[in-house]
Amino acid sequence: MKKYIVFIFLLILWKDTPIQGQSVVSRIYIPYYDFIDYQYSKIIIPSNDSTRIKNFYRKVDHLIKKGQGQINILHIGGSHVQADIFSNQVRQNLDAINQTFQSPRGFIFPFSVAKTNNPRNYKVTYTGRWESARNVQSLRTLQVGMAGISVATSDPEATITVELNPNSFPGRWNFDRLRVLAYSLDGSDNVQPVLYKRRETIPAQKDSATNTYFFDFSELTESFTIGFQQNDRTPHTFIVNGFIPEKTVPGIRYHAIGVNGASVSSYLNSELLEAELPLIAPDMVIFGLGINDAVAPNFSAETFINNYNELIAKIKRVNPDCAFIFITNNDSFRKVTKKQYRLNTNGLIARDAFYQIAKNNQGGVWDQFALMGGLRSMQTWQEAGLAQPDKVHFTRQGYELLGDLLYNALIDFYLQNNME
């Protein structure tokens with residue numbers, strides 16, 4: 001069933017790039033499966049108005065040719081994104097465009113502290129007592145931001161350690177400024193983050209303009225440990241909404257944000273989303289939200305479209321020129337009993353809705369549903385070792401394949417539109 005087609009390597013070498021070496025834009029090799037409809041692995045523009053997306057690619061073109069500009073892409077979704085296999089595959093492929101820029105990795109959240117699955121491509125350890133909140137919860141005491149999840153502590157012994165390049169995932173991510181998205185529950189400065197560096201304890205600097213904290217480093221680093229200093233004898237609760245490792249160099253930054261079980265309405269319920277989003281100011285948002293919306297038997301396309309339009313409006317207020325890519329839902333099944341699954345025909349309804357949302361917002365569609373093979377295709381993907389037995393999620397191999405396909409679709413649009 002499995003064959004391999006070697007795609008011709010399309011290389012564009014720009015001679016006027018004023019950095020060491022030359023920047024390369026290329027498609028990558030993709031394994032061939034006869035049940036995948038590869039003709040849909042492209043960016044489709046339902047409105048025939050590609051102004052937003054072309055403006056985004058002009059920024060990419062300027063980066064490639066001149067070595068100038070910082071481009072931010074935000075990939076937002078549910079469990080498909082929290083695991084960060086699919087999104088990390090796109091990130092790593094795009095990092096080849098960065099070449100010697102060595103841009104920072106993008107936004108990260110310490111999922112392990114919230115006792116949920118952390119991406120394997122960065123390592124998180126912690127000490128102390130913590131509680132957590134998620135945007136999928138109807139009742140919670142903590143506000144969440146753009147990550148859709150937060151952790152909180154009043155334990156003076158609590159720490160968080162993050163390593164960006166663990167041994168199992170050697171990489172090149174580093175930074176010289178760490179931005180901490182965090183706040184005190186009572187709004188005071190009686191507790192603040194501190195950095196543990198060798199034998200030093202370094203207090204954070206407060207950025208009043210963004211209401212965040214930051215640490216500057218004298219040299220590039222790839223890991224950090226922070227704690228929380230109580231400035232009086234009364235324990236104060238401190239909430240952490242995520243970290244942004246920063247570096248003032250050109251390149252593409254690929255931020256991934258996902259919460260298990262999240263729907264579009266979940267992010268509408270993220271109280272600090274719009275306040276925190278300017279910290280990454282996305283030039284493009286790739287939406288992978290919808291699989292959890294469409295699981296309900298009474299799924300309403302109208303409500304789905306309205307919720308998406310409301311979420312997009314929030315993003316447009318942050319960046320009116322933002323480009324949008326919509327990933328249609330994967331084919332899926334509903335679990336009826338312990339061993340019985342029923343086809344979720346809402347995949348077809350959601351697919352049509354995505355095209356309408358993209359048309360309304362001058363966005364592009366990457367039709368994952370049709371690419372997979374349409375209704376019942378998830379069963380075939382499972383039999384090929386690309387999907388999990390739950391018939392909703394993919395295996396690592398499946399997610400990596402999807403990441404490569406999406407990357408090629410993004411690069412194809414660039415190459416086919418002769419961005420110059």
Identity of the residue in region 357-366, touching a helix residue (DSSP H, G or I) at 6+ places or on another chain (Cβ under 7 Å) and surrounded by fewer than 18 Cβ atoms within 10 Å (Cβ to Cβ), that ends up nearest to Ser50 (Cα to Cα): Gln362
Flag for Leu343 being in contact with a helix residue (DSSP H, G or I) (Cβ under 9 Å, 6 or more places away or on another chain), at pLDDT below 95 and not polar (S, T, N, Q): yes
Verdict on Phe369 being in contact with a helix residue (DSSP H, G or I) (Cβ under 9 Å, 6 or more places away or on another chain), assigned to a helix (DSSP H, G or I), in contact (Cβ under 8 Å) with a residue 12 or more places away in the chain and under 23 Å from Ile44 (Cβ atoms): yes
Filtered residues of region 73-97 (kept if surrounded by 22 or more Cβ atoms within 10 Å (Cβ to Cβ) and more than 22 Å from His393 (Cα to Cα)): Ile73
Any chance Thr210 is closer than 17 Å to Phe107 by Cβ, at pLDDT 90 or above and surrounded by fewer than 16 Cβ atoms within 10 Å (Cβ to Cβ): yes
Residues within region 244-264 that are surrounded by 19 or more Cβ atoms within 10 Å (Cβ to Cβ) and farther than 20 Å from Asn98 by Cβ, tallied: 6
Strands (runs of 3 or more DSSP E) enclosed by region 275-361 - at least 2 residues per element that are within 23 Å of Tyr414 (Cβ to Cβ) and either touching a Phe, Trp or Tyr at 6+ places or on another chain (Cβ under 9 Å) or of a type outside the set (D, E, K, R) (or both): 284-288, 323-327
Selection within region 146-162 - touching a Gly at 6+ places or on another chain (Cβ under 6 Å), surrounded by fewer than 24 Cβ atoms within 10 Å (Cβ to Cβ) and not β-branched (Val, Ile, Thr): Asp155, Glu157, Ala158
Criterion violated by Val60 - all others in (1) crowded, with 22+ Cβ neighbours inside 10 Å; (2) modelled with pLDDT of 95 or more; (3) β-branched (Val, Ile, Thr); (4) within 19 Å of Ala409 (Cα to Cα) satisfied: (2)
Unique residue being free of Cβ contacts under 8 Å to residues at least 24 places away in the same chain and over 21 Å from the mean Cα position of the chain (by Cα) when the list is Asn306, Asn360, Asn417, Asn344: Asn306
Considering residues of region 118-161 that are assigned to a loop (DSSP other than H, G, I, E, B) and among the basic types (Lys, Arg) only, the residue farthest from Gln192 (Cα to Cα): Arg120
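Listed here are the residues, each with its yes/no results for (1) in the same structural domain as Asn93 (by TED's automatic domain parsing); (2) within 22 Å of the chain's Cα centre (by Cα); (3) closer than 24 Å to Tyr38 by Cβ; (4) aromatic (Phe, Trp, Tyr).
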{"residue": "Thr328", "(1), (2), (3), (4)": "yes, yes, yes, no"}
{"residue": "Arg334", "(1), (2), (3), (4)": "yes, no, no, no"}
{"residue": "Gly373", "(1), (2), (3), (4)": "yes, no, yes, no"}
{"residue": "Gln382", "(1), (2), (3), (4)": "yes, no, yes, no"}
Extreme residue, farthest from Val249 (Cα to Cα), among residues of region 1-55 that are at pLDDT 50 or above and of a type in the set (Lys, Arg): Lys42
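The values are calculated or read from the model by the stated rules, or taken from the named source; none is laboratory data. All values reported here derive from a predicted model rather than from experimental measurement. Because the Cβ atoms are built from the backbone with ideal geometry, glycine has one as well, and the counts that use them run over all protein chains shown.
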